[in-house]
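The structure appears right after this line, and notes come after that.
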Amino acid sequence: MIHHSARGVEGAIRLCSTADRKRIAQPASRLRFDAQVQRMAGNQILLAAVTVRELRYGALAAEWGPLRRQRLEDAIAATTVIPLTDAC
């Protein structure tokens with residue numbers, strides 16, 4: 001995982017790598033997931049728009065139920081989604 005500190009931002013900015021997305025998308029114990037969420041608390045979490053699409057596709061492909069998909073959407077809503085541009 002990549003951690004960057006930034007002045008003027010409380011906590012660290014956390015960027016999710018491909019490995020992070022795979023860990024989040026794979027079925028794992030709820031306790032391990034909740035522990036990861038707790039470690040990220042207080043940090044600004046940034047997700048690329050393409051990562052959000054990949055997470056949503058993975059949930060659809062895995063045929064997640066409505067409660068699990070809502071949990072994913074709630075987690076996404078708690079982040080800052082960075083749009084992709086030609087400048088990237």
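The values are calculated or read from the model by the stated rules, or taken from the named source; none is laboratory data. This is a predicted model, so every value here is computed, not measured. Cβ: placed from backbone, ideal geometry, glycine included. Neighbour counts: every protein chain shown. Ligands, DNA and RNA are stripped out before the accessible areas are found, and what is left, the full protein with its side chains, is counted by its heavy atoms. Shrake-Rupley method; radii C 1.70, N 1.55, O 1.52, S 1.80 Å.
Keeping to segment 42-88, report how many residues are more than 21 Å from R30 (Cβ to Cβ) and among the charged types (D, E, K, R).
Adding up the residues that qualify gives 3.
State which residue pairs qualify: first residue surrounded by 10 or more Cβ atoms within 10 Å (Cβ to Cβ) and inside segment 30-44, second residue of a type outside the set (S, T, N, Q) and part of a helix (DSSP H, G or I) in any location, beta carbons under 8 Å apart, and separation of 6 or more residues or different chains.
F33/I24; Q36/R23; Q36/I24; V37/A75
Filter segment 67-81 for residues that are open to solvent by less than 70 Å² (accessible area, probe 1.4 Å) and outside any helix (DSSP H, G or I) and give the result.
The answer is T79, T80, V81.
Restricting attention to segment 67-88, which residues are at pLDDT below 85 and of a type in the set (D, E, K, R)?
The one that is at pLDDT below 85 and of a type in the set (D, E, K, R): D86.
Can T85 be described as in a loop (DSSP other than H, G, I, E, B) and either in contact with a Lys or Arg (Cβ under 6 Å, 6 or more places away or on another chain) or of a type in the set (S, T, Y) (or both)?
Yes: the conditions hold for T85.
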